[in-house]
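Written below as structure tokens is the structure these notes are about.
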Amino acid sequence: MTQFTFSGGRASVQDVPVAEETPADWLQLKGRIHQRFVAEADVAAASRLPREALAAQVQGLAVAMLAEDGVTLDGRWRGALVEAVVSEIAGLGPLDALLADPDVTEIMVNGPSQVYVERAGRLAKTGLAFEDEAHLRRIIERIVAPLGRRIDESSPMVDARLPDGARVNAIIPPLAVRGPALTVRKFSAVPYVTEDLIRFGTLTPPMAAFLKACVAARLNVLVSGGTGSGKTTTLNTLSSFIPSDERIVTIEDAAELQLQQEHVVALESRPANLEGKGEITIRHLVRNALRMRPDRIVIGEVRGGETLDLLQAMNTGHDGSLSTVHANSPRDTLSRLETMALMAGTELPMRAVREQIASALQLIVHQARLRDGSRKITHVTEIQGLAGEVIALQDIFCWEPRGVDGEGRVLGENRPTGLRPRLMETMEAQGVTLPPGLFG
């Protein structure tokens, strides 16, 4: 007779398997109950039942099978077993536990036996595991199929999103040598507002007031930063400053922006079909958006030739546009824009590209993830135009690090540089004013 016990706490799929290494026999038992349910029930109909009704069916089957096998299972582990099987039928298997955890911001699956999460900016391995590679592949296909995406040997990489807006990237063999890899980036169910970012220490009240004024004055703003630095969260916050009476067109690879205004048209790119046809790129959508009478264009991220189209749109009356870009600093952001503009395939001299950038963009908001996992806006930088062959930049706010405390937290503060930005003239012409002491 097999005996499972669990000491302390309520066992469920949310906490038991995550809190400690899941027993191998428990995983086998879960797999057997799931297989028997699939063999004996109408899974399609069962998956549409309310979760409580489905759990009752699984509970009955589990009790019967445990009795047949002579297995005594602690009640709390039995509850976790039922929840795990229900997740296999109607959810995303082991991922359900992590998706339900509000403290988890990112999920990283490196093959069936390694599942890592990010909490408060730090990585940790969980006790969760998939049964095998086939199990992990089934979960990936369950994610991408409703979106009309596919993942197979001919298309072994895919970007997708979950119904709650979480961003998903999956890659399978032969590209993923050690088995399928899955990455899920979660977003807050309730979009963060300015006060949240101030509370997190991402920015200060003067910075927030200045950025709100920049958006209100229809300045073109680019949010730059590394992977996982919080660019999308900041872009969402900046977009919340757009007046509700303006028409906004958003363009993304995988829709994840959470704009709260009513008049929003959300566009999403599309990969090619099985015949290699029908691809709709970000660049196609940018060009189409210009025919949709937008007051604002918000692009989730520029990463290729669409950069030139966006710059041209900014230079031809589509003020107040917002986007993000991967870069390591404000200066590096300009180099990235130059490179991506040339990817459009248009033969332009470098000076012409720099003139486009200098006249189109007014502000760079650079964000970084620090060594303690915190996200900070480290630079708010004004683009002042061309100075000879170089685009002139001027920092308005900067992060000043001051070491690390005893618990490993990075110390420092965001401070104004004391310089009044030139773009204040543009803002005042739009009727937007700021207190003179804002800049120190």
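The values are calculated or read from the model by the stated rules, or taken from the named source; none is laboratory data. This structure is a prediction, so every number in the text was calculated from the model and none was measured. With ideal geometry, Cβ positions are generated from the backbone for all residues, glycine too; neighbour counts draw on all protein chains shown. What goes into the accessible areas is simple: the full protein's heavy atoms, side chains included, and nothing from ligands, DNA or RNA. Shrake-Rupley method; radii C 1.70, N 1.55, O 1.52, S 1.80 Å.
Applying the Karplus relation 6.51 cos²θ - 1.76 cosθ + 1.60 with θ = phi - 60° to region 147-160 yields 3J(HN,Hα) values of 8, x, 9, 9, 9, 7, 5, 7, 9, x, 10, 8, 10, 8 Hz, where x marks Gly and Pro.
Here the 3J(HN,Hα) profile of region 415-424, calculated from phi with Karplus coefficients 6.51, -1.76 and 1.60 at θ = phi - 60°, is 10, x, 7, x, 9, 7, x, 5, 5, 4 Hz, Gly and Pro shown as x. Of the peptides 130-141, 348-359, the order by per-residue mean of other Cβ atoms within 10 Å, starting with the highest, comes out as 130-141, 348-359.
Ranking Tyr116, Tyr192 from most to least accessible surface, computed with a 1.4 Å probe over the protein chains only, gives Tyr192, Tyr116. The portion of the accessible surface of the chain made up by carbon and sulfur, rounded to a whole percent, is 51 (1.4 Å probe; DNA, RNA and ligands excluded). In plain terms, the chain from Glu400 to Asn328 could stretch by 24.3 nm, reckoned as 0.36 nm per residue minus the Cα-Cα distance. A simple spin-label model places pseudo-atoms 7 Å from Cα toward Cβ; at Asn273 and Asp245 they are separated by 4.4 nm.
A viscosity of 1.567 mPa s and a temperature of 4 °C, combined with the Kirkwood radius over C-alpha pairs in the Stokes-Einstein formula, give region 94-211 a diffusion coefficient of 83 µm²/s.
Derived scalar couplings between HN and Hα for region 85-100 equal 5, 4, 5, 5, 7, 10, x, 10, x, x, 5, 4, 4, 7, 5, 7 Hz in order, rounded to whole Hz, by the Karplus curve 6.51 cos²θ - 1.76 cosθ + 1.60 (θ = phi - 60°), x for Gly and Pro. Given R₀ = 60 Å, FRET efficiency for Arg150-Thr433 by Cβ-Cβ distance, to 0.05? E between Arg150 and Thr433, to the nearest 0.05, is 0.70. The length gained by stretching the chain between Ala266 and Ser335 to full extension, at 0.36 nm per residue less their Cα-Cα distance, is 22.0 nm. Put simply, the amide H of Thr250, placed in the peptide plane, has neighbours under 5 Å in Val265, Ala266, Leu267, Val298, leaving out anything fewer than 5 places away on its chain.
Taking all protein chains together and rolling a 1.4 Å probe, Asp245 ends up with roughly 120 Å² accessible. Under the convention that each Lys and Arg Cβ holds +1 and each Asp and Glu Cβ holds -1, the size of the dipole of the chain around its Cα centre is about 640 debye. Once the chain is represented by equal point scatterers at the alpha-carbon sites, with solvent omitted, what log10 I(q)/I(0) does the Debye formula produce at q = 0.11 Å⁻¹? Once normalised to I(0) and log-transformed, intensities are -0.93. Near the amide H of Ala392, within less than 5 Å, lie the amide hydrogens of Gln384, Gly385, Leu386, Ala387, all on another chain or at least 5 residues away, with H placed in the peptide plane. For the chain, the tally of Lys pairs with Cα-Cα distances below 26 Å comes to 10, considering only residues 8 or more apart or on different chains.
At 0.36 nm per residue, and after removing the present C-alpha to C-alpha distance, how many nm does the segment from Ala124 to Arg415 gain when stretched out fully? All intermediate terms of the calculation are to be shown ahead of the outcome.
Values: separation 291, 0.36 × 291 = 104.76 nm, distance 3.32 nm.
Extra length available between Ala124 and Arg415 comes to 101.4 nm.
With a Förster radius of 56 Å applied to the C-beta separation of Asp164 and Glu389, the computed FRET efficiency comes to 0.75. Note on Glu425 and Leu49: their simple-model spin labels are 7.2 nm apart, each label 7 Å out from Cα toward Cβ.
May I ask you to order 205-212, 223-230 by the average number of other C-beta atoms within 10 Å around their residues, highest value first?
My ranking of the peptides, most packed first, is 223-230, 205-212.
For Arg161, nonlocal amide neighbours, meaning residues 5 or more places apart or on other chains whose placed amide H falls under 5 Å from its own, are Val168.
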